[in-house]
Amino acid sequence: MKRVDAGAHPREGRSGARGVVVRGLSGGYEPGRDALSEVSFAAEPGQIVGVLGPNGGGKTTLFRALLGELPIRRGEVELPGGPAYVPQTERARLDFPVSALDVVLMGAYARTPWFRRIARRDRDAARAVLERIGLADEADASFGALSGGQRQRVLIGRALLQDAPVLLLDEPLSGVDGVSAARIDALFAELRAERRTLLVATHDVRQAGEWDRVLCLHGRQVDYGRPAAVLSPETLRETYGAELIVLEGGGRAVGVGHHAH
Amino acid sequence: MLSWLTEPFASPIVQRALVELLILSLACGPLGVWVLLYRDAYAAESMSHGMLPGLVVAALAGAPLLLGAVAGVLVAATAIALVARDQRLGADVGVAICVSTLFGLGGMLALSPASPPRLQELLFGDLLGIGGGDVAVAGALAGGVALALLAGHRSLALVGFDRGSAPSLGARPLRWELALLAVLAVTTVAAVQGLGNLLLVALVLAPATAALSLARRLAAALALSVALSALAGTAGLLLSFHLEVAAGASVAACAVAMALLALLVPAGRLSH
């Protein structure tokens with residue numbers, strides 16, 4: 001697969017005003033068994049894309065492909081720079097001896113040679129990030145001692161310090177407390193204003209309806225476009241299969257009673 | 001009191017043993033912390049036990065112990081890697097089978113009537129029989145280990161903390177997991193002369209266990225582990241001299257006692 005990473009460094013890459021372009025992407029983990037096929041979409045800088053689909057529907061596979069980590073890929077992916085990835089909080093170790101500040105600083109590791117201290121600029125930036133995610137007072141707290149929502153914010157903070165033009169977030173709002181959810185929502189608005197592109201995997205159709213674009217996956221691309229156009233009962237039924245309960249509201253589907261957990 | 005502390009170290013034999021232990025602390029201390037964080041403790045034990053046939057063959061052939069250790073570790077690692085791939089067994093069972101087989105094979109060779117009576121030395125090391133050349137070799141290996149862990153510090157932290165995100169942050173998980181096992185193998189080879197293949201695991205795992213239960217930050221845990229490992233070495237030699245017990249066993253006992261004491265301290269007590 002051709003993978004075009006234009007705009008070598010993310011710091012300079014944003015002014016180029018290029019988003020994410022995917023053409024005919026297929027691939028998976030074993031030869032002959034695609035986990036995802038025929039995905040084609042374009043997201044502009046400053047757009048938030050809600051990625052919907054059942055468990056095993058290809059959301060994670062798409063992220064792996066965009067990160068360049070999928071073993072088998074066909075098709076084309078254009079990115080303005082290396083994407084940052086924000087996992088679900090339970091993917092990070094709770095018993096690892098790191099503070100909130102330590103975790104945010106990991107966002108600067110890739111640009112720090114092993115024999116150097118982390119640059120002053122990055123250390124200041126990490127403090128600013130903690131401020132931004134509302135955890136300045138928890139800088140020295142152990143990561144494992146934070147609440148689930150706070151841990152999610154710290155992992156987003158790590159991606160913020162990476163300063164990537166594209167962010168891939170895996171269910172960032174599932175199971176977080178109200179304060180954290182509000183803070184994450186506000187951060188999304190700021191990142192959108194900074195002209196970054198966000199792909200957010202979610203089970204919450206109502207939430208995706210408030211974003212700029214929606215991508216529906218079910219092993220293949222079911223639909224992509226503006227929420228008003230995509231979130232029809234038919235499309236959602238095709239995306240989620242039989243698990244779907246659609247609540248009608250104002251002429252379009254606004255909620256899905258899908259809880260795979 | 002002072003002479004109780006200094007008297008043992010008047011002899012050049014004990015001095016060499018102390019230098020050897022302090023050098024090993026530089027490698028074993030930080031390595032143990034990473035091994036525990038990567039949940040590789042079982043691999044550490046397996047590797048050092050599985051190399052016994054290599055040590056015995058070297059002893060029988062009159063070859064340098066170091067050579068036998070290298071060959072033993074390579075054979076053990078290869079056998080474990082091959083057996084662990086068998087889906088029917090699972091990695092743990094595979095490792096257990098390999099290690100028991102190799103350890104048994106080593107014992108059989110060592111206890112045959114033709115063998116010189118050196119099994120004890122292979123199992124428990126010979127701290128007080130260490131020569132200047134042995135110290136130099138251990139120093140070179142331990143220095144390499146410490147440097148490798150320092151160079152890989154940030155990548156190891158990325159992979160250990162959040163394996164799935166590590167590639168996007170600049171570290172390939174498989175590469176660093178294998179690198180840690182390689183460093184573990186080198187440390188095993190470096191420490192076997194002094195501590196033997198049964199006791200060296202104590203100097204890798206026990207101070208690190210104590211350090212991780214006392215410190216809340218990675219850098220603090222690594223530094224504390226080196227300090228505790230050196231302390232266990234020194235205290236072990238003192239005990240061994242005054243109580244007239246085996247040196248390696250005393251060092252291991254001191255390290256394990258420290259780990260037990262540290263586990264009794266409430267979590268994070270010394271972190272601020």
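The values are calculated or read from the model by the stated rules, or taken from the named source; none is laboratory data. In this text the structure is predicted, and so the values were computed from the model without any measurement. Here the Cβ is made from the backbone with ideal geometry for all residues, glycine too, and neighbour counts use every protein chain on show.
Please verify whether A:ARG64 is in contact with a Gly (Cβ under 9 Å, 6 or more places away or on another chain), among the charged types (D, E, K, R), more than 9 Å from chain B (Cβ to nearest Cβ) and buried (at least 18 other Cβ atoms within 10 Å of the Cβ), treating the condition exactly as stated. Talk me through it step by step, then tell me what you get.
Numbers: in contact with a Gly (Cβ under 9 Å, 6 or more places away or on another chain): yes; among the charged types (D, E, K, R): yes; more than 9 Å from chain B (Cβ to nearest Cβ): yes; buried (at least 18 other Cβ atoms within 10 Å of the Cβ): yes.
Yes, satisfied.
Name the helices (runs of 4 or more DSSP H) wholly inside segment B:163-272 in which the number of residues that are within 30 Å of B:PRO12 (Cα to Cα), modelled with pLDDT under 95 and hydroxyl-bearing (Ser, Thr, Tyr) is 2 or more.
In segment B:163-272, B:173-214 are the helices (runs of 4 or more DSSP H) which contain 2 or more residues that are within 30 Å of B:PRO12 (Cα to Cα), modelled with pLDDT under 95 and hydroxyl-bearing (Ser, Thr, Tyr).
Go through A:ALA84, A:ALA42 for me and flag whichever is hydrophobic (A, V, I, L, M, F, W, C) and either within 14 Å of chain B (Cβ to nearest Cβ) or within 12 Å of the chain's Cα centre (by Cα) (or both).
Values: A:ALA42 fails: either within 14 Å of chain B (Cβ to nearest Cβ) or within 12 Å of the chain's Cα centre (by Cα) (or both).
Answer to the selection: A:ALA84.
Kindly provide the set of residues from segment A:67-81 that are within 17 Å of B:PRO173 (Cβ to Cβ) and within 12 Å of chain B (Cβ to nearest Cβ), ordered by number.
Residues satisfying the conditions are A:LEU67, A:GLY68, A:GLU69, A:LEU70.
Search segment B:247-272 for residues that are of a type in the set (Lys, Arg) and pair each with any residue that is modelled with pLDDT of 80 or more when their beta-carbon atoms are under 7 Å apart and the residues are at least 6 apart or on different chains.
Here the result reads B:ARG269/B:LEU214, each pair linking segment B:247-272 to a residue that is modelled with pLDDT of 80 or more.
If I go through segment B:122-161 residue by residue, how many of them are out of contact with any Lys or Arg (no Cβ under 6 Å at 6 or more places or on another chain) and within 14 Å of chain A (Cβ to nearest Cβ)?
15
Where in segment A:109-200 are there helices (runs of 4 or more DSSP H), lying fully within it, with 1 or more residues that are within 23 Å of B:ARG216 (Cα to Cα)?
Details: elements: A:120-132, A:148-162, A:178-193.
Because the criterion is at least 1 residues that are within 23 Å of B:ARG216 (Cα to Cα), the helices (runs of 4 or more DSSP H) in segment A:109-200 that meet it are A:120-132, A:148-162.
Suppose we filter A:ARG93, A:ARG117, A:ARG121 for residues that are at the interface with chain B (Cβ under 10 Å from one of its Cβ atoms) and among the charged types (D, E, K, R); which single one remains? Talk me through it step by step, then tell me what you get.
Details: A:ARG117 fails: at the interface with chain B (Cβ under 10 Å from one of its Cβ atoms); A:ARG121 fails: at the interface with chain B (Cβ under 10 Å from one of its Cβ atoms).
Step by step, each of A:ARG93, A:ARG117, A:ARG121 is checked, and only A:ARG93 is at the interface with chain B (Cβ under 10 Å from one of its Cβ atoms) and among the charged types (D, E, K, R).
Residues to consider are B:LEU180, B:LEU199; find the one that is away from chain A (no Cβ under 14 Å) and over 23 Å from B:LEU123 (Cα atoms).
Being away from chain A (no Cβ under 14 Å) and over 23 Å from B:LEU123 (Cα atoms) holds for just one of B:LEU180, B:LEU199, which is B:LEU180.
Looking only at segment B:52-59, decide whether some residue is over 18 Å from the mean Cα position of the chain (by Cα), modelled with pLDDT under 85, over 28 Å from B:LEU158 (Cβ atoms) and of a type outside the set (D, E, K, R).
Within segment B:52-59, one or more residues are over 18 Å from the mean Cα position of the chain (by Cα), modelled with pLDDT under 85, over 28 Å from B:LEU158 (Cβ atoms) and of a type outside the set (D, E, K, R).
For the condition surrounded by fewer than 22 Cβ atoms within 10 Å (Cβ to Cβ) and either touching a Phe, Trp or Tyr at 6+ places or on another chain (Cβ under 6 Å) or of a type in the set (Val, Ile, Thr) (or both), what is the one hit in B:THR234, B:THR209, B:THR188?
B:THR234
Does A:ALA159 satisfy the criteria of being within 14 Å of chain B (Cβ to nearest Cβ) and surrounded by fewer than 17 Cβ atoms within 10 Å (Cβ to Cβ)?
no
Take the residues in segment A:98-108 that are in a helix (DSSP H, G or I) and in contact with an Asp or Glu (Cβ under 6 Å, 6 or more places away or on another chain); name whichever of them is nearest to the other protein chains (Cβ to nearest Cβ).
Only one residue fits best here, namely A:ALA108.
Each row is one residue, and each column tells you yes or no for (1) part of a loop (DSSP other than H, G, I, E, B); (2) surrounded by 15 or more Cβ atoms within 10 Å (Cβ to Cβ); (3) free of Cβ contacts under 8 Å to residues at least 24 places away in the same chain.
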site: B:ARG88; (1), (2), (3): yes, no, yes
site: B:PHE103; (1), (2), (3): no, yes, no
site: B:MET108; (1), (2), (3): no, no, yes
site: B:PRO113; (1), (2), (3): yes, no, yes
